[in-house]
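Any read-out appearing in this document is the output of simple, stated calculations on the displayed coordinates, not a laboratory observation. Since we're looking at a predicted model, the values are computed, not measured. Note that each Cβ is placed from the backbone with ideal geometry, even for glycine, and that neighbours are counted across all protein chains shown.
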Amino acid sequence: MSISSVVTRGFGFSTSFVARAGYNSTAGVADAPPPPAVVIQSGDGTLSWQDAVQAEFRRKHLKAELKKAETKLKKVEAKIKTVEKKLQSGRAEGILANYHLLETKKDEIRNEIRGFKLELAPLDLFLKKMEEDEEDERDIEMLLLS
């Protein structure tokens, strides 16, 4: 197996595309990441406890990452406010470049947060469905016992 087939995982992309994946070729700025595919059901359509455990683990991990990203966004926005105050005072040497970098970083973090939220949505739906299925099973058991 060649390195390019390992890197592209057999999807037929060229390795030059993989190196630039997620970046806008005209501006050199990172694009919004595509939402990852989340498998909700196993092959036969039944839900197993392993799927629920994996989904719960992934949801907790994503929520932690989301919290970190939101904290980073608040810090960057505070820095932007400081830079804007300096710009209003009339001292603009080198500040505009810093301001542009902070604005770019803010956009990247917002895209990251949007990606986390998109990935969390199907996991929440899956776990909600698992809980409903468990409640249905308990109701059936209660009916059978009475």
Calculate the FRET efficiency for Lys67 and Lys128 from the Cβ-Cβ distance with a Förster distance of 22 Å, rounded to the nearest 0.05.
0.55
When Glu141, Glu65 are ordered from fewest to most other Cβ atoms inside 10 Å of their Cβ, what list results?
Glu141, Glu65
Please list, in order along the range 111-128, the HN-Hα scalar couplings obtained from phi with the Karplus expression 6.51 cos²θ - 1.76 cosθ + 1.60 (θ = phi - 60°), rounded to whole Hz, x for Gly and Pro.
5, 5, 5, 4, x, 4, 5, 5, 6, 6, 4, x, 5, 5, 4, 4, 5, 5
